[in-house]
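Notes follow once the structure below has been shown.
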Amino acid sequence: MRRAVWFLLAALLLSGCAALTEPEPEPDRNWAAYQQGLLEEDEPEDVSPEEDKAPAYPSAFSMAYHKGQTLDPITCGEGIQEDVAALLYEPLFQLDSTFQPVPLLCESCEWDERGLVCTLNLRQDVTFQDGSPLTAKDVVDSLRRAAASERYGYRLRNVAAVSANRAGQVVITLATPNRGLPALLDIPVVKSGTEERQVPVGTGPYLYLSGSEGNSLLANEEWWQRKPLPAASIPLVHAKDRDTAMYLFSSHQVELLTVDPTSDKSSVSGQAQTTDRPTAVMQFIGFNMAEGRFFTSPSARAAFSHGIARDTLVDAQLAGLAVAAQFPISPLSPLYPAELEGTYSGDWSMAQAAAEQEESRELSLLVSEGDGFRLASAQFIAGNAAIPGWEVTVRALPWEEYLAALEAGDFDLYFGEVRLTADWDLTDLVGTGGALNYGGYSNLSTDTLLAAFAAAEDRPAAARQLAANLLSAAPIAPICFKNNTVLTHPGVVEGLDPSPGSTFQGLERWIIHLAG
């Protein structure tokens, strides 16, 4: 979705691991206007229709980066450094707009019967920016480094070994079956032996150029994909931190930023064109299922889940910056079982009846106080939870205290946010003993279906069986999947179509308008 508005927009990219995400401290702001993306003081004065229709094009398409910091795609920071690195390096697979892995440096993959050994067949026509061919050793070394890295270590935790065979193939051995592995391999590859450089050698469409007048990206005329590129060069402008990058965009010194508009105190102001970039970041309600708690009953949890007005919450509290979901799989994925979705019910008495308890009590909904969007969503849910004789109150705590309360089981419900992996492995979230299973859910059928889904050749069918189980057991109540936002200045870029895996998907179809 694309929008062009006058706004004050917050931004912070999330940490790259499947864990509850920690919010930043909440700044002072005009909250209602912020949610709508509008502030009166940012409105332009005396802008005629003719001027509004004729954007001022820049002389160059510039991007922000952190000068002097590594651009190694496995160890560099997320945010602006990651966007620059995406033009220098390419992955084995890239995620399309539906979270499906599409082979890129990898031509195809083969599985053994048990789903434990995946053999990757690399493309034979890929060359690095220095002209050398891509080899299995380059891939093996990159994957081994990724497995030991903070960014990619979690998603590769099930990898037991990575090696190259005599045929030049890459062999990945897993500890447990997971045929969704290709969706985890959107990991950039760098040339072996260059990883210690500030800018390692990659296979991407642009070259890093250091010059006396500044650093830039230069179109790689020998790029193996032989596709057209929208800019011959991309000047790089140093930003010492996130706030500086926001200022550079606001002052038209850089032309593109990828941000999370719900999670930061940093802001940009002025006119911008915004394009949604889907993510696997899910917001949800968790239940305390300890003995004697209100939500011990699966039917009580399911009734509560059906009473959440997800579409209204996304529109009103998240300003449309998310996609409503009833299952812990993105609705954009073909694995999402839309046919199983339940009908919204505002009859919260079902939850009370299902709990089979007579006494009234106050239910606490735990949330981190440092994230205004999450807090507003929690208040919306609590305010609409009209359980007769019961009251749901929001208990907002600082992040460390919030996390401690989760670990101690000191809650009835909690508002959570987690970045899932694109193979939709939910074991840590709803599996028995899972690291993020704060509600204490344990169900043999669910555990069996989780393992079956990972090993299944027919993943849609296995996903549907797992979703049906989660619908009735309701160990969590998914709410939505968030979108990041790609900011550009109005009219500068045509063809922008970001995917979960890349801001620059379909780069060859971009048209960049420059002055003159």
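The values are calculated or read from the model by the stated rules, or taken from the named source; none is laboratory data. Computed from a predicted structure; not experimentally measured. In this analysis, Cβ positions are derived from the backbone assuming ideal geometry, glycine residues included, and neighbour counts consider all displayed protein chains. These accessible areas exclude ligands, DNA and RNA; they are computed on the full protein's heavy atoms, side chains included. Shrake-Rupley method; radii C 1.70, N 1.55, O 1.52, S 1.80 Å.
Before moving on, here are some points about what is shown:
- Cβ-Cβ under 9 Å pairs, at least 6 apart or on other chains, region 126-149 side at pLDDT 95 or above, far side of a type in the set (F, W, Y) and not in a loop (DSSP other than H, G, I, E, B): Q129/Y206; Q129/Y208
- Check on A454, of a type outside the set (D, E), on the phi < 0 side of the Ramachandran plot, surrounded by fewer than 21 Cβ atoms within 10 Å (Cβ to Cβ) and part of a helix (DSSP H, G or I): no
- Strands (runs of 3 or more DSSP E) wholly inside region 200-309 that include at least 3 residues being open to solvent by 20 Å² or more (accessible area, probe 1.4 Å): 206-211, 214-219, 233-238, 267-287
- Residue in region 358-377 that is over 34 Å from the mean Cα position of the chain (by Cα), open to solvent by less than 30 Å² (accessible area, probe 1.4 Å) and at pLDDT below 85 present: no
- Looking only at region 76-115, residues that are under 23 Å from P177 (Cβ atoms), small (G, A, S) and touching a helix residue (DSSP H, G or I) at 6+ places or on another chain (Cβ under 8 Å) come to 1 in all.
- Identity of the residue in region 112-152, part of a helix (DSSP H, G or I), closer than 12 Å to I187 by Cα and basic (K, R), that ends up least open to solvent (accessible area, probe 1.4 Å): R145
- Failed criterion for S330 (all others in (1) surrounded by 23 or more Cβ atoms within 10 Å (Cβ to Cβ); (2) more than 28 Å from E391 (Cβ to Cβ); (3) small (G, A, S); (4) in contact with a helix residue (DSSP H, G or I) (Cβ under 9 Å, 6 or more places away or on another chain) hold): (4)
- Residues within region 157-181 that are in a loop (DSSP other than H, G, I, E, B), crowded, with 17+ Cβ neighbours inside 10 Å and out of contact with any Ser or Thr (no Cβ under 9 Å at 6 or more places or on another chain), tallied: 3
- Filter pass, G168 being on the phi > 0 side of the Ramachandran plot, at pLDDT 95 or above and not acidic (D, E): yes
- Unmet requirement for G383, which otherwise passes all of (1) out of contact with any helix residue (DSSP H, G or I) (no Cβ under 8 Å at 6 or more places or on another chain); (2) closer than 30 Å to V117 by Cα: (2)
- If you check L406, L420, L397 for being of a type in the set (A, V, I, L, M, F, W, C) and in contact with a Phe, Trp or Tyr (Cβ under 6 Å, 6 or more places away or on another chain), only one passes: L406.
- Options L471, L436, L507; residue that is surrounded by 21 or more Cβ atoms within 10 Å (Cβ to Cβ), touching a Leu at 6+ places or on another chain (Cβ under 8 Å) and among the hydrophobic types (A, V, I, L, M, F, W, C): L507
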